[in-house]
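*Asks:* Got a structure for you, written out below as structure tokens; questions coming shortly.
Each reported figure results from applying straightforward, stated rules to the coordinates on display, with no laboratory input. In this text the structure is predicted, and so the values were computed from the model without any measurement. All Cβ positions, glycine included, derive from the backbone under ideal geometry; neighbour counts span all protein chains shown.
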Amino acid sequence: MINSVGRDIPDKVLQETGKKVFQGAYARHNEVYQKAAPKVRGVVDPKEDKILPSITEALKKCEIKDGMTLSFHHHFREGDYVVNMVMEEVHKMGIKDITICASSMGKAHDPILPMIEDGTVVGIQSSGVRGKIGWAISTGKLKNYAVMRSHGGRVRAIEEGDVHIDIAFIGAPTCDKYGNMRATGGKSDCGVLSYAYVDAQYADRVVAVTDCLVPYPNLPASISQVNVDYVVVVDEIGNPAKIATGAAKPTRDVRRLMMAEYCTQFVINTPYFKDGFSYQTGVGGASIASTISLGKIMKERGIKMGLGLGGIAGPLCQLLEDGLIEKLVDTQDFDLKAIESIKANPNHFEITASEYANPMNKGAYVNQLDFVILASLEVDVNFNCNVVVGSDGMVTGAQGGHPDTSAGAKCTIVIVPLLQGRIPAICTNVTTVTTPGETVDVVITDYGIAINPRRQDLIDIMKDVKLPFKTMEELRDIAYSIAGEPDPVEFGERVVGIIESRDGTVIDVVREIKQFEM
Amino acid sequence: MEVKGTAMAGTLESSDAQVTVEPGTNGIELSVESSVLNQYGRKIRQTVLDTLARLEVANAKVTVVDKGALDCTLKARVEGAVFRSNGITENLPWGGAIK
Amino acid sequence: MNPNLKRLRRSMMFLNVQKPGLIKDPYIYKPDSIMLDLEDAVAENQKDAARYSLYHALQEIDYRGVERVVRINGLDTPHWQEDIRCCVAGGCDSIRIAKTERAADVHLVEEYVAAAEQEFGRPEGSVLLMAALESTRGVLNALEICESSSRLFGVALSGGDYTKDLQTRITGTGVELAGARQHMVIAARAAGVQCFDTVFTNLDDMEGFVREVEMIKLMGFDGKSLVNPRQIEPTHKVFTPTEKDIIFAEKVVREIDEKKAMGIGVFTVDGKMIDIAFYDGAKRTIDLAKASGVYEGDL
């Protein structure tokens, strides 16, 4: 069946999964549903000691069986040890047919590959997959469909019951003997535990894995003891050097600085740029350079940001420190400065992933955004974005909060260089749709800026602004005239992955990679 | 033109291509490795063959290791290798066989 | 007269022809001229390969009006003749002659350029020349070099080689280059051609770079050779007339035009007396403003 972004979703996939096709970013507005609920083991006896000596013990106590769904968060990013540690024990116990439901996965999880190949792991649900797991999915080694969801979509899927988590493993920088977890004060700080909150609330069994046991009670807790079954203390839950990278820096590359400047100029010319505006940005060099130059203009004009949202890095924290942001609302910390900021600054707050981006709660923070500055692997002439499938057809990126923020923000800006090497980032049709064009308002490249024709209001406002405006078709034509028109990537027949829209419908599928033949 | 010996032009840097030519007897035997094979594999092949045709090379073993080079760079590297294999560095047919 | 002769050349950015990643769309950085280098940037055993890259780059890449200057190898090498054939055939706008020491060097190149224009069907005179002065002899002969050819649009100082010839080094203070700079500007102005300053290679010292650009502008230079796109915007900023400059220039031009039409020989702007010598400079400022794309008046 063809969905509303023109992608053909095989009926077989729809039948097997029971999912529907994507019908528009706001199709489910006002829909009423019954929330799912976990099974809960009542801990009445005060003598129960939640601390267990090993992960293996925890798996046994949680009655691990073949076919279960295990969940993890990715706050430790490429420095995570928890997924590999747990799965190694699962593997040793001879358990099979496991589905991993992680908020995201990366190259740190390459050791999972043999477990996919031998049937220990048959399903992966994640915002993104990189490295060997991405390769395994693209080459058809995973038995079941890989399901890729955005941050908001993952929470929705759990809260609506599309996904049922049997055991949640939550890596906690600090934890007390009864399960109160915090994301700071330990040796592997990650700042916040936003993505793990829904796991703690909805999984049948919840295990805290920590490398820093602290005195009871560990308050204020990001995850409360009342949702935690067991606590396991290990030597290391992650590599601090890779959890929080060195300060995210603005780019020095002239091309990216140009795009950053276009972005800043665009933002300040919209009517949304006024005192109290809300803003989210990524950690790309251009986004950061744009944020910094925006900060200068905010200072000059006496305009304060009311809300800074999202994955947080140093530059936004600096603006907070400088008094240019009222409140910073945090779902993930990318660098040390961000972690220090949430520890020390009373205007820097942790929220849950549901509060951040779940489309089916009573209104997430993304809905309050004026601006979001995003990147993308590809954008097509209909403004659809691809952030997950590389130009070689391999699954290689992550949805993250891309579709969520795009749907929520009044002005969604995507910054992308026209060509990435020889590959045109602006094309006729993206390889895979992850964010629908109806939610993307502006695309900024080094060759010019395109405004979505749906936004006649923005086009009118920008009439007299001296920026290099072009249509997406013009940008695409320039790209093709320099690099040549690319052949579309060829795939095999078999569907290996589902790109699930944040509302649970299928926006696109990923097929098996095909060996290129001349 | 003939390919008189083994010769190479270009580097493995991003946006470049390394082209090696060797004498052949069986028409053009072309092998292409590319970082953008899926999208541009066919175009790369066509550009290399067209360039060889313009140089009137009928027999050669040609190896291309491409790192996302544009057409103009591919042509330059093929010409570079072919002329080098003939030891020719001046009085080149600019605008003629080289186009 | 070749319309390119007196074009705006605030920034002339060097590019290594052997780096395909850099030459594919340099116009995006908006320099006034690009210098495609066959000389120092290219290794001795790659001189031939560089030519093919250059030819196709000139033929197939759209530079959107940015001037394409090719720096050919020195006249003391075996490469320069084929370099000329290649870049004239390719369609370059101008050729930069390295290590120019006397007018005869320019004449020699001119001869081969004219022959190449004929060989490859380009209109006679379509390829311009510039001379790089890199030695004491070259600097001393600046005037004869500037006057040597109607194709020659300007001279550039090559500070690195020149200071070695002077038996000193680049210090950052400019004292070692002062003599050459002055001499070249004087010669260029006397001959009616443009004059360009040498490169500034320390990319981490943007403040020092801007100070140098400001200084050479005051000395009378038309522009500067650059080694990195980061240097383009600051250079243009220094060389582009400010709003204040433009307003003053407009007043001067209008005042002098009006008064002359009335037969009056006394001119006043902003309460101060100015003389007719101000006129040319004011016109130049307005032309520079127009060429830089910042002029919105109607003169």
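*Asks:* Can you work out the FRET efficiency for the pair A:VAL226 and A:ASP322, with r the C-beta to C-beta distance and R0 = 35 Å, to the nearest 0.05? Don't skip to the answer; put the middle values down first.
*Replies:* Numbers: r = 39 Å, r/R0 = 1.12.
So, using R0 = 35 Å, E works out to roughly 0.35.
*Asks:* Moving on. Go through A:SER138, A:ILE373, A:PRO315 and say which Cα lies farthest out towards the positive end of the charge dipole of chain A; charges sit on Cβ, +1 for Lys and Arg, -1 for Asp and Glu.
*Replies:* A:PRO315
*Asks:* Cut-off 11 Å, label point 7 angstrom out along Cα-to-Cβ of A:ILE297: give me the residues of segment A:317-337 whose amide nitrogen falls inside.
*Replies:* Once the point is set 7 Å along Cα→Cβ of A:ILE297, nothing inside segment A:317-337 turns out to lie under 11 Å by backbone N.
*Asks:* Just from its helices, what would the mean residue ellipticity at 222 nm be for chain C, if runs of 4 or more DSSP H residues each count -39500 (n - 2.57) and the sum is divided by every residue, rounded to the nearest 500 deg cm²/dmol?
*Replies:* Values: 12 runs with 132 residues, N = 299.
Helix-only estimate at 222 nm: -13500 deg cm²/dmol.
*Asks:* Quick one: helix C:103-119 against the long Cα principal axis of chain C, what's the angle to the nearest 10°, folded into 0 to 90?
*Replies:* 70 degrees
*Asks:* Run the helix sum for chain A: -39,500 (n - 2.57) per DSSP H stretch of 4+ residues, divided by residue count, reported at 222 nm to the nearest 500 deg cm²/dmol. If you can, show how the numbers build up before the last one.
*Replies:* Values: 16 runs with 137 residues, N = 518.
That calculation yields -7500 deg cm²/dmol at 222 nm.
*Asks:* Between segment C:232-299 and segment A:403-469, how far is it from one alpha carbon centroid to the other, in angstrom?
*Replies:* Result: 42 Å between the Cα centres.
*Asks:* Right, something else. Given springs between every Cα pair under 10 Å in a Gaussian network model of chain B, which of B:VAL21, B:VAL62, B:VAL36 has the largest fluctuation?
*Replies:* Between B:VAL21, B:VAL62, B:VAL36, it is B:VAL36 that shows the largest mean-square fluctuation.
*Asks:* Same structure again: Which GluC sites (Glu not before Pro) from segment C:192-299 combine a DSSP loop assignment with at most 15 other Cβ atoms within 10 Å? Please report the intermediate quantities before stating the final value.
*Replies:* On the way: sites: C:GLU207, C:GLU212, C:GLU214, C:GLU243, C:GLU250, C:GLU255, C:GLU258, C:GLU296; in loops: C:GLU296.
When the GluC sites (Glu not before Pro) of segment C:192-299 are filtered for loop state and at most 15 Cβ neighbours within 10 Å, C:GLU296 remain.
*Asks:* Nothing charged except the Cβ atoms of Lys and Arg (+1) and of Asp and Glu (-1): what's the magnitude of the dipole of chain A about its Cα centre? Round to the nearest 20 debye. Show your work: numbers first, answer last.
*Replies:* On the way: 54 positive and 66 negative charges, 114 e Å.
In total the dipole reaches around 540 debye.
*Asks:* Just want to confirm a number: the relative contact order over segment A:50-243, from Cα pairs under 8 angstrom separated by 6+ residues, in percent. Mind dumping the intermediate values first?
*Replies:* Working: 460 pairs, mean separation 50.2, N = 194.
Averaging sequence separation for qualifying contacts and normalising by length gives 26 percent for segment A:50-243.
*Asks:* Under 5 Å between amide H atoms, partner at least 5 residues away or on a different chain: which partners does A:ILE449 have, H built in plane at 1.01 Å?
*Replies:* Counting only residues 5 or more places away or on other chains, the set is A:PHE469, A:LYS470.
*Asks:* Something else: What are the residues whose amide H is under 5 Å from the amide H of A:VAL21, where those residues sit 5 or more places off or on another chain and H is modelled from the backbone?
*Replies:* Those qualifying (amide H under 5 Å, at least 5 residues apart or on another chain) are A:VAL506.
*Asks:* So which aspartates and glutamates pass the test for C:LYS224, namely a Cα distance under 17 Å, with those fewer than 8 places away in the same chain ruled out?
*Replies:* Once the sequence-local aspartates and glutamates are set aside, what remains near C:LYS224 is C:ASP32, C:ASP37, C:GLU67, C:GLU134, C:ASP161, C:ASP197, C:ASP205, C:GLU207, C:GLU212, C:GLU214, C:GLU233.
*Asks:* Next question, about the same structure. For B:LYS67, go through the lysines and keep the ones whose alpha-carbon is under 21 Å away, minus same-chain ones fewer than eight residues off.
*Replies:* A:LYS514, B:LYS43, B:LYS75, C:LYS19, C:LYS24
*Asks:* Going by alpha carbons, how many degrees (0 to 90, nearest 10) lie between the helix axis of B:37-54 and the longest principal axis of chain B?
*Replies:* 10 degrees
*Asks:* Next question. Looking only at segment A:272-291, which residues have a backbone nitrogen under 13 Å from a spot 7 Å from the Cα of A:ASN347 in the C-beta direction?
*Replies:* In segment A:272-291, the label zone of A:ASN347 (backbone N under 13 Å from the point 7 Å along Cα→Cβ) covers A:276-277.
*Asks:* A further question on this structure: Considering the options A:TYR272, A:VAL198, A:TYR230, tell which one lies farthest towards the positive end of the dipole of segment A:140-281, charges being +1 on Lys and Arg and -1 on Asp and Glu at the Cβ, about the Cα centre.
*Replies:* Result: A:TYR272, furthest along the dipole toward the positive end.
*Asks:* So, in Å, what gap is there between the alpha-carbon centers of segment C:39-70 and segment B:28-99?
*Replies:* The two parts, judged by their Cα centres, are 17 Å apart.
*Asks:* Could I ask something else about it? Taking Cα pairs under 8 Å and at least six residues apart, what relative contact order does segment A:121-196 come out at, in percent?
*Replies:* On the way: 68 pairs, mean separation 15.7, N = 76.
Relative contact order, segment A:121-196: 21 percent.
*Asks:* Further question on the same structure: Based on DSSP H runs of at least 4 residues, each adding -39500 (n - 2.57), what is the mean residue ellipticity at 222 nm of chain B after dividing by all its residues, to the nearest 500 deg cm²/dmol?
*Replies:* Numbers: 2 runs with 33 residues, N = 99.
One gets -11000 deg cm²/dmol as the mean residue ellipticity at 222 nm.
*Asks:* In chain B, what GluC sites (Glu not before Pro) fall in a loop by DSSP, with at most 11 other Cβ atoms inside 10 Å?
*Replies:* Values: sites: B:GLU2, B:GLU13, B:GLU29, B:GLU33, B:GLU56, B:GLU79, B:GLU90; in loops: B:GLU2, B:GLU13, B:GLU56, B:GLU90.
Counting only loop positions with at most 11 other Cβ atoms within 10 Å, the GluC sites (Glu not before Pro) in chain B are B:GLU56.
*Asks:* How many nm separate the modelled label positions at A:ASP464 and C:GLU147, each set 7 Å beyond the Cα in the direction of the Cβ?
*Replies:* Between A:ASP464 and C:GLU147, the simple spin-label model gives 5.4 nm.
*Asks:* Still on this structure, please answer the following. Using only Cα atoms and rounding to the nearest 10 degrees, what angle (0 to 90) does helix B:71-85 make with the longest principal axis of chain B?
*Replies:* Approximately 40 degrees, to the nearest 10.
*Asks:* For segment A:254-488, what is the charge dipole size about the Cα centre, in debye to the nearest 20, if Lys and Arg each add +1 at the Cβ and Asp and Glu each add -1 at the Cβ?
*Replies:* Numbers: 19 positive and 28 negative charges, 99 e Å.
With only Lys, Arg, Asp and Glu charged at Cβ, the dipole is about 480 debye.
*Asks:* If amide hydrogens are placed 1.01 Å from N in the peptide plane, which non-local residues have theirs closer than 5 Å to the one on A:GLY171?
*Replies:* Excluding prolines and chain starts, which carry no amide H, the hits are A:HIS73, A:VAL209.
*Asks:* While we're on this one: Relative contact order of segment C:13-52, please, whole-number percent, based on alpha carbon pairs below 8 angstrom and at least 6 residues apart. Can you show the working numbers first?
*Replies:* On the way: 36 pairs, mean separation 18.8, N = 40.
Value for segment C:13-52: 47 percent.
*Asks:* Calculate the length of the line joining the C-alpha centroid of segment A:206-247 to that of segment C:158-194, in whole Å.
*Replies:* First find each Cα centre; the distance between them is then 66 Å.
*Asks:* Give A:LYS187/A:LYS337; A:LYS296/A:LYS410; A:LYS242/A:LYS299; A:LYS39/A:LYS327; A:LYS249/A:LYS362; C:LYS47/C:LYS237 a once-over and call out the pairs whose C-alpha atoms are over 25 Å from each other. Intermediate results must be reported in sequence, preceding the final value.
*Replies:* Numbers: A:LYS187/A:LYS337 16 Å; A:LYS296/A:LYS410 22 Å; A:LYS242/A:LYS299 34 Å; A:LYS39/A:LYS327 37 Å; A:LYS249/A:LYS362 36 Å; C:LYS47/C:LYS237 36 Å.
Distance filter (> 25 Å) returns A:LYS242/A:LYS299; A:LYS39/A:LYS327; A:LYS249/A:LYS362; C:LYS47/C:LYS237.
*Asks:* Treating cross-link reach as a plain straight distance, find the aspartates and glutamates whose alpha-carbon is under 12 Å from the alpha-carbon of A:LYS50, omitting any fewer than eight places away in the same chain.
*Replies:* Answer for A:LYS50, where 12 Å is the Cα cut-off: A:ASP176, A:ASP229, listed by chain and number.
*Asks:* Please report B:SER85, A:SER194 as a ranked list, fewest other C-beta atoms within 10 angstrom at the top and most at the bottom. The partial results should precede the final answer.
*Replies:* On the way: B:SER85 23, A:SER194 28.
Placing the least packed residue first, the sequence is B:SER85, A:SER194.
*Asks:* Within segment C:243-291, how many Lys pairs sit with Cα atoms under 18 Å apart, leaving out pairs fewer than 8 places apart on the same chain?
*Replies:* Count of close lysine pairs: 12.
*Asks:* Please give, to one decimal in nm, the separation of the simple spin-label points placed at B:ASN86 and A:GLN34, each 7 Å out from Cα toward the Cβ.
*Replies:* Each label point lies 7 Å from its Cα, and together they span 8.2 nm.
*Asks:* Sticking with this structure for a sec: Identify, among C:HIS79, C:GLY91, C:GLY121, the residue whose Cα sits farthest towards the positive end of the charge dipole of segment C:1-143, taking +1 on the Cβ of Lys and Arg and -1 on the Cβ of Asp and Glu, with the dipole about the Cα centre.
*Replies:* Towards the positive end, the residue furthest out is C:GLY91.
*Asks:* Okay, next question. Given a Förster distance of 41 angstrom, what is the FRET efficiency for A:GLU493 paired with A:THR245, based on the Cβ-Cβ distance and rounded to 0.05?
*Replies:* Working from the Cβ atoms, E equals 0.55.
*Asks:* Okay, next question. Report, in debye and to the nearest 20, how large the dipole of segment A:44-163 comes out about its Cα centre when Lys and Arg carry +1 and Asp and Glu carry -1 on their Cβ.
*Replies:* Working: 16 positive and 17 negative charges, 72 e Å.
The calculated dipole for segment A:44-163 is roughly 340 debye.
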